[in-house]
1. Looking at (1) within 16 Å of RNA strand B (Cβ to nearest atom); (2) more than 30 Å from residue A:233 (Cβ to Cβ), which one does residue A:423 not meet, given that it meets all the others?
2. If you go through the stretch A:247-288 one residue at a time, how many are open to solvent by less than 90 Å² (accessible area, probe 1.4 Å) and either without any contact (Cβ under 8 Å) to a residue 60 or more places away in the chain or in a loop (DSSP other than H, G, I, E, B) (or both)?
3. Yes or no: the stretch A:32-54 includes at least one residue that is charged (D, E, K, R) and within 16 Å of RNA strand B (Cβ to nearest atom).
4. In the stretch A:478-569, which helices (runs of 4 or more DSSP H) lie fully inside it and hold 3 or more residues that are under 26 Å from residue A:24 (Cα atoms)?
5. Which condition from (1) under 30 Å from residue A:140 (Cβ atoms); (2) assigned to a loop (DSSP other than H, G, I, E, B) is the one that residue A:31 breaks?
6. Any idea which residue in the stretch A:119-153 is surrounded by the fewest Cβ atoms within 10 Å (Cβ to Cβ), counting only those that are within 16 Å of RNA strand B (Cβ to nearest atom) and among the charged types (D, E, K, R)?
7. What number of residues within the stretch A:154-181 are open to solvent by 30 Å² or more (accessible area, probe 1.4 Å) and either within 13 Å of RNA strand B (Cβ to nearest atom) or under 12 Å from residue A:461 (Cβ atoms) (or both)?
Amino acid sequence: MDYWSKLYIPTLKETPAEAEIDSHKLLLRAGLVRKIGSGIYAFLPLGAKVLENVKRLCCEEMNRAGAMELLMPAVVPAEYWKAGPRWNAAREIMYQVASAGEKAEFPEEPTFVLGPTHEEIITPLIGGEATSYRDMGKTFYQVQTKFRNEIRPRYGLMRAREFIMKDGYSFDATDEEATATYQNIAKAYERFFARCGLKFISVEADTGVMGGAFSHEFMVPAEVGDDDVVYNIESGYAANVEKATSALVPADLEDAAAVGEIEKFETPGVKTIEKLAQEPFNIPADQQYKTLLFVGDDKLFAVVVRGCDQVEEAKLGSLGYSLIRPATVDEIFEAMGAYPGSLGAVKGTIKNREKLDGIFGDNAIRLIGNGVTGANEKAMHLKNVNVVRDLDIDRFGDFRKVQAGEPCPVSGKPLEIQRAIEVGHIFKLGTKYSENEEYGAQYVDKDGNRQAAVMGCYGIGISRTLQSIIEQKHDGNGIVWPWSVAPYQVIITVLDPGMEEADTLALKLGEAAEAAGASVLVDDREERPGVKFKDADLIGIPLRLTIGGRGLKNGEVEMKWRDRDEVQKVAIADAESVLVEGIKAKS
RNA sequence: CGGGGUGUAGCUUAGCCUGGUAGAGCGCCUGGUUUGGGACCAGGAGGUCGAAGGUUCGAAUCCUUUCACCCCGACCA
């Protein structure tokens, strides 16, 4: 049982100007965190308590799933990363650590880095010693501060440069066992997020730089999220927009026959899809081919989509390049002989075709059949361009961003899109990290053959989950903590501290609540009642017990749940049993 | 990295255009009156106006440089 007057809970009446979204404002106003720098936060005592609660729930569910907690270093020798498969892609987000002291050096190549994630550490750590098939079927996890040089930290703990993460890693002997482990952890994740009181959905996700066979994200629907989730409730289909597909292009679609010879026509001043869609040309965007150039691992390539579609850059990952960026205007001109706005992929019109490592066509352009595209000449376009006959496509694939209303790939019903916060992400990695002989993780199977362990990795943003709970559980008065993570579960608001009868009753009921398993905060401050009620609401304690002189005179105390409006008056004689009953119902 | 914006007391901010003793509200401290949803009165503490340089008799205010932070975009495991 803690007494407010002995604690440090600096609540704020006014919102600091730095906070934009409700959960960030409440983190600050309720005295949970304070900013130290951009994307760098300190947890104050109350915030530390919630963090600990979220962490504990996570550990409980991981343990229940059979995983083992360990702890790896945050400062990591850079060789570990250099030996791994993604040093080039990942180094930009890693903070470097120089040697220390007066003779500190800051070499071009980092000596140490601050760990942004730990595949590169655990693979040699466990893989180097786990040498028998008997050592497989193990899952490890840790809860640790992670460091990532986010280009733009945002919204308090939502996207921070230093944050608390639970990261887990599994090693299995076979692909089937690895899939079973993956599904087992996915269930643990669902239990964890449910216990946090969150509404969430799990969606198919892009594997990104992490790589691997497949992946799911755990998403908390919220307008302030950074991701778009594509879903259909009836069919249960749900995927990150980076990964989502639709049934827009029928599987049995027959390619249109050519309708006539290609015709070049003048389009003075036309550099955009919209311009071409207007008078006097009137060519709808969905009848135009849009040609975009990218650079993948220093090689130029082109992607052709419909004029009305957007390229989903995450999907370009399937092309096999490890680093992709849009091409510059100069690079485009050198290859195509034209500038953006006049580009096209028609055979024979590209000035330096050999400079293009490939031309990739989105499946949906087949819906156009015969359409219009740039002539790779200023102010000229081509019509009657037939997909099969005329376009110089090396390979078709799914490269476009799905839009709301398109048919669900499972049910054909319209897809919906919802903003969401990514709080967890799991990957079935396969053997990407384990197959390397020197660095990786191999074991010897029953038949004496050397095999690469089949790995998985599993992340939960603990501090981000904390803020997501606030984002989803708050009202105009403050936070509404779920019982499971609340910093205190019961607050006893003593309106007349110093009145012996009130203090004695508070102590008695507080002890009873603790005996029933609840954590208790007694507000014994010399403040007016209004201040205490406002503060109790702001910091979001689930159950409030009010003891005041007026009530005592009538022989009663008040009980109020933070997430309900009604106030329950309870006779002092019954108070203990009613309180304990309420606590038992929650635990 | 591109675009926009802000730095004045613990928090919210006025003053800046048009240079002339740095102001208010909240919070804090003392005393008093209050006491069931962020009380009132009186008194008080707290600021090198983000930093450096310049112009000027004089700079929070004008100029230059720089740093930090916020928002949008790009990026994002």
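1. Unmet for residue A:423, out of (1) within 16 Å of RNA strand B (Cβ to nearest atom); (2) more than 30 Å from residue A:233 (Cβ to Cβ): (2).
2. To start, the set of residues in the stretch A:247-288 that are open to solvent by less than 90 Å² (accessible area, probe 1.4 Å) comprises A:247-250, A:253, A:255-258, A:260, A:262, A:265, A:267, A:269-270, A:272-273, A:276-277, A:281-288.
Cutting the leftovers down to either without any contact (Cβ under 8 Å) to a residue 60 or more places away in the chain or in a loop (DSSP other than H, G, I, E, B) (or both) gives us A:247-250, A:253, A:255-258, A:260, A:262, A:267, A:269-270, A:272-273, A:277, A:281-285.
Qualifying residue count for the region: 22.
3. Initially, the stretch A:32-54 is screened for residues charged (D, E, K, R), giving A:34-35, A:49, A:52.
Next, from what is left, pick out any that are within 16 Å of RNA strand B (Cβ to nearest atom): A:34-35.
Yes, the conditions are met somewhere in the stretch A:32-54.
4. Working: elements: A:500-515, A:529-539, A:549-553.
Fully inside the stretch A:478-569 and qualifying: A:529-539.
5. (1)
6. Going through the qualifying residues, I end up with A:152.
7. At the first step, the residues of the stretch A:154-181 found to be open to solvent by 30 Å² or more (accessible area, probe 1.4 Å) are A:154-155, A:159, A:161-164, A:174-177, A:179-180.
Narrowing further to those that are either within 13 Å of RNA strand B (Cβ to nearest atom) or under 12 Å from residue A:461 (Cβ atoms) (or both): A:154-155, A:159, A:161-164.
Number of matching residues: 7.
Listed here are the residues, each with its yes/no results for (1) surrounded by fewer than 17 Cβ atoms within 10 Å (Cβ to Cβ); (2) among the hydrophobic types (A, V, I, L, M, F, W, C); (3) within 23 Å of residue A:263 (Cα to Cα).
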position: A:351; (1), (2), (3): yes, no, yes
position: A:361; (1), (2), (3): no, no, yes
position: A:374; (1), (2), (3): no, no, yes
position: A:414; (1), (2), (3): yes, no, no
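The values are calculated or read from the model by the stated rules, or taken from the named source; none is laboratory data. From a predicted model like this one, the values you see are computed outputs, not experimental measurements. Cβ: placed from backbone, ideal geometry, glycine included. Neighbour counts: every protein chain shown. For the accessible areas, the whole protein counts, side chains as well, though only heavy atoms, and no ligand, DNA or RNA atoms are used. Shrake-Rupley method; radii C 1.70, N 1.55, O 1.52, S 1.80 Å.
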